[in-house]
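The values are calculated or read from the model by the stated rules, or taken from the named source; none is laboratory data. Worth saying up front: this structure is predicted, and the values here are computed from it rather than measured. We place every Cβ from the backbone using ideal geometry, glycine too, and count neighbours over all the protein chains shown.
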2 protein chains.
Amino acid sequence: MCSFEDLVDRVGSKWSVGILLAAAGGPIRFGELERAVAPISRRMLTLTLRNLERDGLLVRTAYPTVPPRVEYSLTPMAFELQAALAALASWARRHQADVAAARLRYDGRTA
Amino acid sequence: MCSFEDLVDRVGSKWSVGILLAAAGGPIRFGELERAVAPISRRMLTLTLRNLERDGLLVRTAYPTVPPRVEYSLTPMAFELQAALAALASWARRHQADVAAARLRYDGRTA
DNA sequence: CGGGATCCCTTGCGATACTG
DNA sequence: CAGTATCGCAAGGGATCCCG
């Protein structure tokens with residue numbers, strides 16, 4: 001019902017958000033992604049791209065040139081998703097110090 | 001730097017969001033959580049609770065009664081996080097049909 | 001350049017059993 | 001009631017090599 005589980009499964013994979021962020025600035029090539037989202041492995045980059053494409057968040061465009069050139073760009077849906085993710089990023093920035101402090105306290109008590 | 005990775009590691013674990021949601025209505029007991037976030041295993045419930053507590057998102061209060069009674073409640077920080085998560089949930093609701101359609105198209109092309 | 005295929009290790013997580 | 005301990009499988013993901 002809540003579909004939140006599905007969302008986490010989709011976007012919660014290790015590299016998805018990083019790829020979405022890297023593609024936010026317009027179409028980006030495979031090799032550029034590989035550097036932008038480093039240190040992602042070639043394999044995981046491919047797999048994650050496929051999943052994002054499958055979910056309709058990314059569009060893959062292959063130019064039949066030589067050497068091959070492939071670009072990935074966000075769909076409108078993905079831009080909306082980014083707006084929502086921005087709220088999360090904002091929270092993370094505002095509270096990262098608090099979280100770090102909480103961890104220190106917790107680890108100190110249990111050490 | 002971006003700390004987004006950390007955030008995903010923290011909140012992106014399989015049950016975290018469900019627990020946060022279940023605890024949003026005020027202090028909740030271990031057993032209640034177990035039912036609310038079903039079908040979570042006892043082990044994962046404990047582990048996830050510990051992690052959320054460690055990050056300062058949950059407060060654990062144990063009452064030295066018999067039988068024991070333990071309650072978990074959200075911290076102010078966690079309530080703010082929920083507001084951000086609501087944006088994500090909203091996106092998921094608005095686009096779940098689009099995602100499903102995209103998958104059908106993708107799977108159809110590749111089958 | 002942009003992948004696919006294979007190998008293998010690590011991690012997450014469920015099942016089960018035991019405890020204060 | 002609210003955990004902890006141990007086992008074991010399956011998925012996630014890195015390394016490497018190969019290909020159009």
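The table that follows gives values for the structure above.
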quantity: Test: residue in the range A:28-38 that is aliphatic (A, V, I, L, M), in contact (Cβ under 8 Å) with a residue 24 or more places away in the chain and facing chain B (nearest Cβ under 10 Å); calculated: no
quantity: Selection from the range A:9-48 of residues that are closer than 17 Å to A:A78 by Cβ and among the small types (G, A, S); calculated: A:G12, A:S13, A:S16, A:G18, A:A22, A:A23, A:A24, A:G25, A:G26, A:A36
quantity: Within the range B:50-70, considering residues that are farther than 21 Å from A:A92 by Cβ and not hydroxyl-bearing (S, T, Y), the one nearest to DNA strand C (Cβ to nearest atom); calculated: B:P68
quantity: Failed criterion for B:A83 (all others in (1) facing another protein chain (nearest Cβ under 8 Å); (2) touching a residue at least 40 places away in the same chain (Cβ under 8 Å) hold); calculated: (2)
quantity: Boolean, A:T61 is loosely packed, with under 12 Cβ neighbours inside 10 Å and in a strand (DSSP E or B); calculated: yes
quantity: Only one of A:Y63, A:Y72 that is free of Cβ contacts under 8 Å to residues at least 40 places away in the same chain, aromatic (F, W, Y) and more than 12 Å from chain B (Cβ to nearest Cβ); calculated: A:Y63
quantity: Meets criteria (at pLDDT 95 or above, within 14 Å of another protein chain (Cβ to nearest Cβ) and over 12 Å from the mean Cα position of the chain (by Cα)) for A:R50; calculated: yes
quantity: Filter result (surrounded by 10 or more Cβ atoms within 10 Å (Cβ to Cβ) and more than 7 Å from every other protein chain (Cβ to nearest Cβ)) within the range A:94-103; calculated: A:R94, A:A100, A:A101
quantity: Qualifying residue in the range B:3-24 (condition: within 11 Å of DNA strand D (Cβ to nearest atom), in a helix (DSSP H, G or I) and β-branched (V, I, T)); calculated: yes
quantity: Residue that is within 13 Å of DNA strand C (Cβ to nearest atom) and either part of a helix (DSSP H, G or I) or of a type outside the set (F, W, Y) (or both), where the choices are B:R43, B:R93; calculated: B:R43
quantity: Residues located in the range B:47-69, provided they are over 20 Å from A:A102 (Cα atoms) and of a type in the set (A, V, I, L, M, F, W, C); calculated: B:V66
quantity: Criterion: away from DNA strand D (no atom under 16 Å from the Cβ) and either over 19 Å from B:D107 (Cβ atoms) or modelled with pLDDT of 95 or more (or both) - qualifying residue of A:P64, A:P39, A:P68, A:P27; calculated: A:P27
quantity: Scope the range B:46-58; condition within 25 Å of A:S3 (Cβ to Cβ), of a type outside the set (S, T, Y) and either within 11 Å of DNA strand D (Cβ to nearest atom) or part of a helix (DSSP H, G or I) (or both); matching residues; calculated: B:L47, B:L49, B:N51, B:L52, B:L58
